[in-house]
Amino acid sequence: MKPFSAQRFGVILAALLGLGLLFAAQPASAAVSGSSFAVDKKTAAAGDQLTLTLSLTNTETTDIYFAYEYIQPIWPANQEAGAFTVTGCSGDSTDCAVNGNNANFHFRAPIAPGATRTVTLTVQITSAPTWTGPYTLNWAPYVYYEYYQSGGGIKDQLWANGLPELATVIG
């Protein structure tokens with residue numbers, strides 16, 4: 001086995017740098033602007049109901065012709081099986097699929113520049129909690145939309161760590 005040389009180190013470093021430049025040059029979709037989120041209660045108790053409001057305002061100069069949103073709880077609330085359930089969905093959507101603690105829907109499109117679409121989700125907190133002490137229920141929304149521009153435009157964003165405006169302390 002040959003000893004490790006500075007020349008060999010230089011070749012490896014150049015290869016890694018080249019790969020880094022290659023992946024850095026890959027196009028990424030732009031962040032979503034015009035999304036807003038709210039929950040009607042910052043604190044809640046067992047048995048309470050929450051309302052999440054999810055809105056998308058078209059900040060583009062052309063119509064949004066396809067818009068999708070998915071929302072799920074983040075840790076530690078996603079570990080509390082049966083602690084809460086998404087029970088309903090209403091508003092400016094063409095569909096809404098609720099699956100326990102998650103929901104996804106398509107905003108009614110097209111969305112003209114400056115127009116807003118809003119969907120509300122109803123969340124029921126269990127009346128017989130299995131947890132001890134308070135915990136924070138927070139949500140990670142994912143928004144994706146397509147709009148007209150030369151060649152088409154796509155924007156998407158995941159708020160994987162949740163958002164302060166969607167957090168509720170369950171006591």
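The values are calculated or read from the model by the stated rules, or taken from the named source; none is laboratory data. Note that the structure is predicted; figures quoted are calculated from it, not measured. Counting neighbours? That spans all protein chains shown, and the Cβs are built from the backbone with ideal geometry, glycine included.
The rows are residues; the columns are (1) at pLDDT below 95; (2) crowded, with 19+ Cβ neighbours inside 10 Å; (3) under 15 Å from the mean Cα position of the chain (by Cα).
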site: THR61; (1), (2), (3): yes, no, no
site: TRP75; (1), (2), (3): yes, no, yes
site: ALA103; (1), (2), (3): no, yes, yes
site: GLY133; (1), (2), (3): yes, no, no
site: ILE170; (1), (2), (3): yes, yes, no
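Kindly indicate whether any position in region 97-118 is closer than 19 Å to ALA38 by Cα and assigned to a helix (DSSP H, G or I). So that I can check it myself, show each step before the final result.
Of all residues in region 97-118, those closer than 19 Å to ALA38 by Cα come to 98, 101-107, 115-118.
Going one step further and asking which of them are assigned to a helix (DSSP H, G or I), we end up with none.
No.
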### Task
Give the number of residues within region 146-168 that are modelled with pLDDT of 90 or more and either on the phi > 0 side of the Ramachandran plot or hydroxyl-bearing (Ser, Thr, Tyr) (or both).
3
### Task
Please give the number of the condition TYR142 fails out of (1) out of contact with any strand residue (DSSP E or B) (no Cβ under 9 Å at 6 or more places or on another chain); (2) within 14 Å of SER35 (Cβ to Cβ).
(1)
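Working carefully through the options ALA112, ALA38, find the one that is under 29 Å from VAL169 (Cβ atoms), of a type in the set (Gly, Ala, Ser) and at pLDDT 95 or above.
Criteria check complete, one pass: ALA38.
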### Every pair of residues 6+ apart whose Cβ atoms lie under 7 Å, when the first sits in region 42-64 and is over 13 Å from THR116 (Cβ atoms) and among the polar types (S, T, N, Q) while the second is in a loop (DSSP other than H, G, I, E, B) and at pLDDT below 95
THR43/GLY171; THR62/TYR148; THR62/GLN149
#### Entry: Residue under evaluation GLN26, criteria (1) at pLDDT below 90; (2) surrounded by 11 or more Cβ atoms within 10 Å (Cβ to Cβ); (3) polar (S, T, N, Q), criterion not met
(2)
### Query
Among the residues of region 61-78, is there at least one that is among the hydrophobic types (A, V, I, L, M, F, W, C), in a loop (DSSP other than H, G, I, E, B) and out of contact with any Asp or Glu (no Cβ under 6 Å at 6 or more places or on another chain)?
yes
## Note on the structure
Checked region 91-137 for anything in contact with a strand residue (DSSP E or B) (Cβ under 7 Å, 6 or more places away or on another chain) and among the polar types (S, T, N, Q); matches are SER93, THR94, ASN101, ASN102, ASN104, THR116, THR118, THR120, THR122, GLN124, THR126, THR136
### Query
Based on what the data block shows, is THR94 among the hydroxyl-bearing types (Ser, Thr, Tyr) and under 30 Å from ALA46 (Cα atoms)?
no
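Mind checking whether some residue in region 161-171 is among the polar types (S, T, N, Q), in a strand (DSSP E or B) and free of Cβ contacts under 8 Å to residues at least 24 places away in the same chain?
So the first thing to find is which residues in region 161-171 are among the polar types (S, T, N, Q), and the list is 161, 168.
If we keep only those that are in a strand (DSSP E or B) too, we end up with 168.
Pick out the ones that are also free of Cβ contacts under 8 Å to residues at least 24 places away in the same chain and you get none.
No; the residues of region 161-171 include none that is among the polar types (S, T, N, Q), in a strand (DSSP E or B) and free of Cβ contacts under 8 Å to residues at least 24 places away in the same chain.
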